[in-house]
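*Asks:* I have a structure I would like to understand better, so I am pasting it below and will then ask my questions one at a time.
The values are calculated or read from the model by the stated rules, or taken from the named source; none is laboratory data. All of these numbers come straight from a predicted model, not from anything done at the bench. Ideal geometry is used to build each Cβ from the backbone, glycine not excepted, and the neighbour counts take in all protein chains shown. Keep in mind that these areas ignore ligands, DNA and RNA; they rest on the heavy atoms of the full protein, side chains included. Shrake-Rupley method; radii C 1.70, N 1.55, O 1.52, S 1.80 Å.
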Amino acid sequence: MAADIVVTGPDEYGCERYKALYGELMNDVGKLAAIEKSYLLLRPEVPLFVVSVRMKTIPSARTIGAVASTRSERDVVYVSISDEMYAPGILTALWHRYGRDNVQQIDRLDISVRGAKTSFEVDDINVESQEQPVKEVLGALNRVLPEGIRVRRTLTGNDVITVVATEERMTQDMLDVAGKVHDSMQNGGEIDV
């Protein structure tokens, strides 16, 4: 699970269940690893739901040698990926350089490459993380909110995404609460709403 998931609301049991549901859903869509902290405010009696997440820093471009180990055997270079966020980028870079016919994905994190002269040659190829978590995390956050809650607004800034949702009409008070949560998440302070 994410390093920090906080759920607040009037029903302690409901908060615990929602926390478990949130963690499972974000894990199922593969976005839990991209999130540093999550805060969910549940006020079903209003109804008002606020979900705010602080994203982890998106990794920059690196070489294959920095995110995977390589070894040569005869005319094949084997790549074992150690940082999963770079796996799609490594596969794409190897296809581009050596052709799809020469690159075989053995399993999720292991690849064999024909046509590379040495493992050092493969080590020096630059790759970027293929994670584009913001759009995907936003989609996942919308799945976390109750289905009938259709009026939604999104606040974004730096590395924080906040979604506020209600049933019929979004009031300024609701937006103010969401703004306080969003600001607290950005500043790393305590959330008191």
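*Asks:* For n ≥ 4 DSSP H runs only, could you compute -39500 (n - 2.57) per run for the chain, divide by its residues and tell me the 222 nm figure to the nearest 500? Mind dumping the intermediate values first?
*Replies:* Working: 6 runs with 66 residues, N = 193.
After summing the helix terms and dividing by residue count, I get -10500 deg cm²/dmol.
*Asks:* Taking H placed 1.01 Å from N in the peptide plane, check which residues at least 5 places from T63 or on another chain put their amide H under 5 Å from its amide H.
*Replies:* Amide H to amide H, under 5 Å and 5 or more residues apart or across chains, T63 pairs with V127.
*Asks:* To continue, here is another question. Output the relative contact order of region 40-154, whole-number percent, from Cα pairs under 8 angstrom with separation of 6+ residues. Could you put the intermediate results ahead of the total?
*Replies:* Working: 153 pairs, mean separation 32.9, N = 115.
That works out to 29 percent.
*Asks:* Specify which labelled value, from (i) 0.93; (ii) 1.14; (iii) 0.99, agrees with Rg/Rh (Cα atoms, Kirkwood Rh) derived from the coordinates of the model shown.
*Replies:* (ii)
*Asks:* What number, in percent, do you get for the relative contact order of the chain if the mean sequence gap of Cα pairs under 8 Å and at least 6 apart is divided by its residue count?
*Replies:* Numbers: 332 pairs, mean separation 40.1, N = 193.
Reported as a whole number, the value is 21 percent.
*Asks:* Would you please give the residues with an amide H less than 5 Å from that of L48, counting only those at least 5 places away or on a separate chain, with H modeled from the backbone geometry?
*Replies:* Under 5 Å from the amide H of L48: R43.
*Asks:* Given the chain, what count of lysine pairs have C-alpha atoms under 20 Å apart, with each pair 8 or more places apart or on different chains?
*Replies:* Step by step, the pairs that qualify in the chain add up to 9.
*Asks:* OK, next. Ranked by accessible surface with a 1.4 Å probe, highest first, in what order do F120, F49 come?
*Replies:* Working: F120 150, F49 20 Å².
These residues rank, largest area first, as F120, F49.
*Asks:* Can you list residues from other chains, or at least 5 along the same chain, whose modelled amide H is less than 5 Å from the amide H of V6?
*Replies:* S38, Y39, L40
*Asks:* While we're on this one: Could you derive backbone 3J(HN,Hα) for region 178-193 from the dihedral phi with the Karplus parameters 6.51, -1.76 and 1.60 (θ = phi - 60°), listing whole Hz in sequence and x where the residue is Gly or Pro?
*Replies:* These are the phi-based 3J(HN,Hα) values: 4, x, 5, 4, 4, 4, 5, 5, 5, 8, x, x, 5, 9, 10, 10 Hz.
*Asks:* If you don't mind, another one. Whole-Hz Karplus ³J(HN,Hα) for region 114-123, in order, using 6.51 cos²θ - 1.76 cosθ + 1.60 and θ = phi - 60°, x for Gly and Pro?
*Replies:* Once θ is set to phi - 60°, the couplings for region 114-123 become 9, x, 7, 6, 9, 5, 5, 4, 5, 4 Hz.
*Asks:* Hey, can you rank 63-74, 96-107 by average C-beta count inside 10 Å, highest first? Present the calculation step by step, with values, prior to reporting the outcome.
*Replies:* Details: 63-74: 15.6, 96-107: 13.2.
Top of the packing list down: 63-74, 96-107.
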